[in-house]
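Q: Quick one: this structure, given as structure tokens, is what I'll be asking you about.
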Amino acid sequence: MAREQLQVLNALDVAKTQWYHFTAIIIAGMGFFTDAYDLFCISLVTKLLGRIYYHVDGAEKPGTLPPNVSAAVNGVAFCGTLAGQLFFGWLGDKMGRKRVYGMTLMMMVLCSVASGLSFGHTPKSVMATLCFFRFWLGFGIGGDYPLSATIMSEYANKKTRGAFIAAVFAMQGFGILAGGLFAIIVSIAFKTQFSAPSYEVDPIGSTVPQADFVWRIILMVGALPAGMTYYWRMKMPETARYTALVAKNMKQAASDMSKVLQVEIEDETEKKGQSSDVKNANTFGLFSKEFMKRHGLHLLGTTSTWFLLDIAFYSQNLFQKDIFSAIGWIPNAKSMNALEEVYKIARAQTLIALFSTVPGYWFTVALIDRIGRFAIQLMGFFFMTVFMFALAIPYNHWTHKENRIGFVAMYSLTFFFANFGPNATTFVVPAEIFPARLRSTCHGISAASGKLGAMVGAFGFLYLAQNQDKSKVDAGYSAGIGVRNSLIVLGVVNFLGMLFTFLVPESKGKSLEEMSGENEEEESDQVELEQPSGYNNRTVPV
């Protein structure tokens, strides 16, 4: 039976790059575009939320979100994402990729709109409803991680599979870029229409009432790109690997892929009068000894590297305000009005995305199938370690005004090598190395581990990096270990990521069945079909 099982899958593996590949990249990629827009756009409006809802009469500086509220608003979507990655990853293996794919998209669309409609008479109630809707937004986003990666890996040919999966993930960069650009457009439009003095001139008048619409519009627009691709997601057939290897319907798999590839794929099961159900020799589950023996170290490798990477990647928020202020991109808050501050923050993040984030992603797309996942991930962690230590050890040198440009360059290179490195490969590899019936689940577990690291990076280090001198800490925080020591810790984290990379196998140029060990089912079929020893002792060829 192995021959029938592999014919349709082999057709996918050796297929030339066709229009349907690019269609799949766009359909799956627009989900990631929306994911990145929704997750990162909140950082563009948190300062504005502080000015609108937490203004204190007579205060020297504009209102800011209290530490616990700021952590909740910024972090609740991460909590939802972690839960969604685990739940929808599991559901994608149980119900099929396509059926679950539409659910995640609708949840993202509805919750994006609902986030912008957050209501209440008090600041507390507005923030509570915003956090509620952003949790469920994150839950939908979480489902997109394992499903998009798994669908793309199961559709792709083995020659360019890495580039296709990485291209889906690279749409994140455009989502971040679009968020910044849209915030610039909205803030300029409102600033032109409703002029206001700076905070130091008129504390109350610096935040015009119409500013409340700005953050709502920015959050709600995230629903548009996702909504535009819903129809096309529903039109995609189930992946052949799920239909053949998990649902065990060879006839349907051959029919679906004949339409997609526009070639005739013969259903040999019918021709030979055999059952179309594929015998699956490997039926071990996720928590079995057999899984631990075959893939236990692989799962440890994918979860640990994604966890460590996201600690470093999401801790970048620690240094952005210092960097942006140092190079004059963001002036002192009291010298601006509310809308001007949104514009300056959005402009700074857009420039970082344009020159550091986006290029890194596309370097990975261009080179991942040439130099391999392992080499890119190892190189990325290595350079992140080098640049973190280069920032940390002479940290006092970088704080002098004349050296700030060097600090910015080092900082940008750190995150260039995160994207041209483990930030992309940790997404690609879990979609390639596990069996089809556990692929989405294992990718979800790996991604959830990453989001746990993101929470440590974004919030653990926010407290840890506070000044050791209690008189110099930010309002509402206690003393920490300081920025320099935090950078040293992050350098160690990156070094550990480099070591754990050795647990992850190279999948370049190999079929998914080779990587997952599902080809061993062929061998068991061969043994079963072996002739008696007196009959030339030959096996049926596969």
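The values are calculated or read from the model by the stated rules, or taken from the named source; none is laboratory data. Here the structure is a predicted model, which is why all the values come from computation and not from measurement. Here Cβ is always computed from backbone atoms with ideal geometry, including for glycine, and neighbour counts include all displayed protein chains. Accessible surface is based on the protein model in full, side chains and every heavy atom, while ligands, DNA and RNA are left aside. Shrake-Rupley method; radii C 1.70, N 1.55, O 1.52, S 1.80 Å.
Q: Using only Cα atoms, find the angle between the long axis of helix 358-371 and the longest principal axis of the chain, and express it within 0 to 90 degrees, rounded to the nearest 10.
A: Once rounded, one gets 20 degrees.
Q: Calculate how steeply helix 289-314 sits against the longest principal axis of the alpha-carbon atoms of the chain, using the helix alpha-carbon long axis, and give the answer as 0 to 90 degrees to the nearest 10.
A: Orientation of helix 289-314: about 20 degrees from the principal axis.
Q: Also, quick follow-up: Got a number for carbon plus sulfur as a percent of the chain's accessible area, 1.4 Å probe? Walk me through the numbers on the way to the answer.
A: On the way: 14180 of 22260 Å².
Solvent-exposed carbon and sulfur of the chain make up 64 percent of the total.
Q: Restrict the search to the stretch 74-151; then list the chymotrypsin sites (Phe, Trp or Tyr not before Pro) that DSSP places in a loop and that have at most 11 other Cβ atoms within 10 Å of their Cβ.
A: Values: sites: Phe78, Phe87, Phe88, Trp90, Tyr101, Phe119, Phe132, Phe133, Phe135, Trp136, Phe139; in loops: Phe119.
Qualifying residues, ordered by number: Phe119.
Q: According to the square roots a ≥ b ≥ c of the eigenvalues of the Cα gyration tensor, what is the shape class of the chain, taking rounded for a/c under 1.5, prolate for a/b larger than b/c otherwise, and oblate for the remainder?
A: Since a/c reaches 1.5 and a/b is larger than b/c, the shape of the chain is classed as prolate.
Q: What accessible area per residue, rounded to a whole number of Å², is obtained for the chain using a probe radius of 1.4 Å? Please report the intermediate quantities before stating the final value.
A: On the way: 22260 Å² over 542 residues.
Result: 41 Å² of accessible area for each residue.
Q: Report the gain in length on full extension from His121 to Tyr463: 0.36 nm times residue separation, minus Cα-Cα distance, nm rounded to one decimal.
A: Numbers: separation 342, 0.36 × 342 = 123.12 nm, distance 3.08 nm.
120.0 nm is the gain from fully extending His121 to Tyr463.
Q: Take peptides 415-421, 401-407 and line them up by average Cβ neighbours within 10 Å, highest first, as a rough protection proxy.
A: Descending packing order for the listed peptides: 415-421, 401-407.
Q: Charges only on Cβ, +1 for Lys and Arg, -1 for Asp and Glu: so what's the dipole of the stretch 7-87 about the Cα centre, in debye to the nearest 20?
A: On the way: 4 positive and 5 negative charges, 20 e Å.
Rounded to the nearest 20 debye, it is 100 debye.
Q: To test your reading of the geometry: what angle, between 0 and 90 degrees and rounded to tens, separates the Cα axis of helix 97-116 from the longest principal axis of the chain?
A: 10
Q: Continuing with this model, one more query. Peptides 144-157, 450-463: what's the order by average Cβ count within 10 Å, highest mean first? Mind showing how you got there, number by number?
A: On the way: 144-157: 27.4, 450-463: 21.6.
Peptide ranking by packing, descending: 144-157, 450-463.
Q: Going by average Cβ density within 10 Å per residue, which order do the peptides 49-59, 158-168 take, highest to lowest?
A: Order by mean packing, descending: 158-168, 49-59.
Q: Calculate log10 I(q)/I(0) of the stretch 21-133 for q = 0.10, 0.12, 0.23 Å⁻¹, where I(q) comes from the Debye formula with a single equal point scatterer on each Cα and nothing for solvent.
A: The computed values of log10 I(q)/I(0) come out as -0.39, -0.53, -1.35.
Q: Turning to a different aspect of this structure: Tell me, what is the FRET efficiency for Ser288 and Val14 to the nearest 0.05, using R0 = 35 angstrom and their Cβ-Cβ distance as r? Walk me through the numbers before you get to the answer.
A: Values: r = 32 Å, r/R0 = 0.92.
Computed FRET efficiency for Ser288 and Val14 comes out at 0.60.
Q: How long is the gain from Leu354 to Asn396 if the chain were fully straight, where each residue apart is worth 0.36 nm and the alpha carbon distance is subtracted?
A: Separation in residues times 0.36 nm, less the Cα-Cα distance, equals 12.3 nm.
Q: Where does the chain land at 222 nm, in deg cm²/dmol rounded to the nearest 500, when only DSSP H runs of n ≥ 4 count, each adding -39500 (n - 2.57), divided by all residues? All intermediate terms of the calculation are to be shown ahead of the outcome.
A: Working: 24 runs with 368 residues, N = 542.
Calculated from helices alone, the mean residue ellipticity at 222 nm is -22500 deg cm²/dmol.
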